[in-house]
1. Of everything in segment 97-112, what is farther than 21 Å from Gly42 by Cβ and either acidic (Asp, Glu) or under 14 Å from the mean Cα position of the chain (by Cα) (or both)? Give them in sequence order.
2. Among the numbered criteria (1) open to solvent by 60 Å² or more (accessible area, probe 1.4 Å); (2) touching a Pro at 6+ places or on another chain (Cβ under 9 Å); (3) free of Cβ contacts under 8 Å to residues at least 40 places away in the same chain, which one does Tyr58 miss?
3. Would you pick out the residues in segment 88-106 that are open to solvent by 10 Å² or more (accessible area, probe 1.4 Å) and either in contact (Cβ under 8 Å) with a residue 40 or more places away in the chain or closer than 23 Å to Ser124 by Cβ (or both)?
4. Taking segment 5-27 on its own, how many of its residues are open to solvent by less than 30 Å² (accessible area, probe 1.4 Å) and in a strand (DSSP E or B)?
5. For segment 71-84, give me each residue that is surrounded by 14 or more Cβ atoms within 10 Å (Cβ to Cβ) and touching a Phe, Trp or Tyr at 6+ places or on another chain (Cβ under 9 Å).
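The values are calculated or read from the model by the stated rules, or taken from the named source; none is laboratory data. Predicted model, so just to flag it, every value in this text is computed and none were measured. Note that we place each Cβ from the backbone using ideal geometry, even for glycine, and neighbour counts take in every protein chain shown. Accessible surface areas use protein heavy atoms only, side chains included; no ligands, DNA or RNA. Shrake-Rupley method; radii C 1.70, N 1.55, O 1.52, S 1.80 Å.
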Amino acid sequence: QLQLVESGGDLVQPGGSLRLSCAASGFTVDDNAIGWFRQVPGKEREGIECINSFGDTYYSDSVKGRFTISRDNANNTVYLQMNALKPEDTAVYYCAAARGRRIYYPLRDDEYTHWGEGTQVTVSS
């Protein structure tokens, strides 16, 4: 019943912008912590943004000032607005939900219980 589906990944030039969507079903995003993560082959999964059930947001230094997480409760969707994209932003981007409990480490992947399948973002000229 519970699903997270990412969309919006694309090929974009450096300096460009992209908005990723995480559409949720089976639960309401405003009652859960939702995080965005990314991963490239051979690298550990990196937590980059999170919004918790209180509306507090968290971010990693690697995306600070460039990426913004937001929540659209009416559409039960969480977004990741990505600006000033760099080639090193190339990765598979995942959204994840922490269901049934409060989280204490918003950017740690082991805090999350449900994951989407990911969407590819490629930043290249």
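1. Correct list: Ala97, Ala98, Pro106, Glu111, Tyr112.
2. The number of the failed condition is (3).
3. Glu88, Thr90, Val92, Tyr94, Arg99, Arg102, Ile103, Pro106
4. Of the residues in that region, 7 qualify.
5. Listed by number, the residues that qualify are Arg71, Asn76, Val78, Leu80, Gln81, Met82, Asn83.
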